[in-house]
Each structure stands twice: as structure tokens, then as C-alpha cells.
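We did not get these values from a lab; they are worked out from the coordinates using the rules stated. The shown structure was predicted, so the numbers you read here are calculated from the model rather than taken from an experiment. Because the Cβ atoms are built from the backbone with ideal geometry, glycine has one as well, and the counts that use them run over all protein chains shown.
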Amino acid sequence: MFVRELTKRGVAGVGVGFPATKITGGRMRFCLSAAHTKEMLDKILKEVDVVGDMCSCKYSKIPKSAKPIEW
């Protein structure tokens, strides 16, 4: 779902699952280039944030009570 939603939003990435991760886990891989602009990277971060909320798959060691990062 995460990969499909990002693709719909114009963000390319590769989903990685078992056996490369735990059976209950997963990862996303993105290929970055020096040719990417700040605006492109900001869009990727925004879309990953939105899709992460949709999929309920965000992880952070920062307590929820901490002030969110402003992009």
C-alpha cells in the first residue's frame, strides 16, 4: 500500500520486505541524486509523511508530546 500510494503521488521508491526484513517489518528505499532540487526533496518528505499517516506505519523515537518538525 505504501509503495502504491507514493507512486500515485509521483514519488518513486522500492518497498523491501521479508526476507530482507523481519517478517512483520518493512523498509522503503529511495535513490537520491545531486540533481534533485530542494523542492523535489521537500515534496518527497511531505508525501512520505502523508502516506505514513494513511498507512499507520510511522516510527519515531521522539515522544509524541515533542513539537513536530516544521518542513
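Given K38/K61; K22/K43; K22/K58; K8/K58; K38/K58, which pairs have Cα atoms separated by over 21 Å? Walk me through the intermediate numbers first.
Details: K38/K61 26 Å; K22/K43 29 Å; K22/K58 16 Å; K8/K58 19 Å; K38/K58 23 Å.
Listed pairs above 21 Å: K38/K61; K22/K43; K38/K58.
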- Task: Evaluate the Debye formula for the chain with equal point scatterers sitting on the alpha carbons, no solvent, and hand back log10 of I(q)/I(0) at q = 0.13, 0.16 Å⁻¹, in q order, two decimals.
- Result: -0.45, -0.67
- Query: Taking other Cβ within 10 Å of each residue's Cβ, how do V51, V14 sort, fewest first?
  - Reply: V14, V51
- Item | Residue-count net charge about A20 - beta-carbon cut-off 13 Å; Lys, Arg +1, Asp, Glu -1 | +3
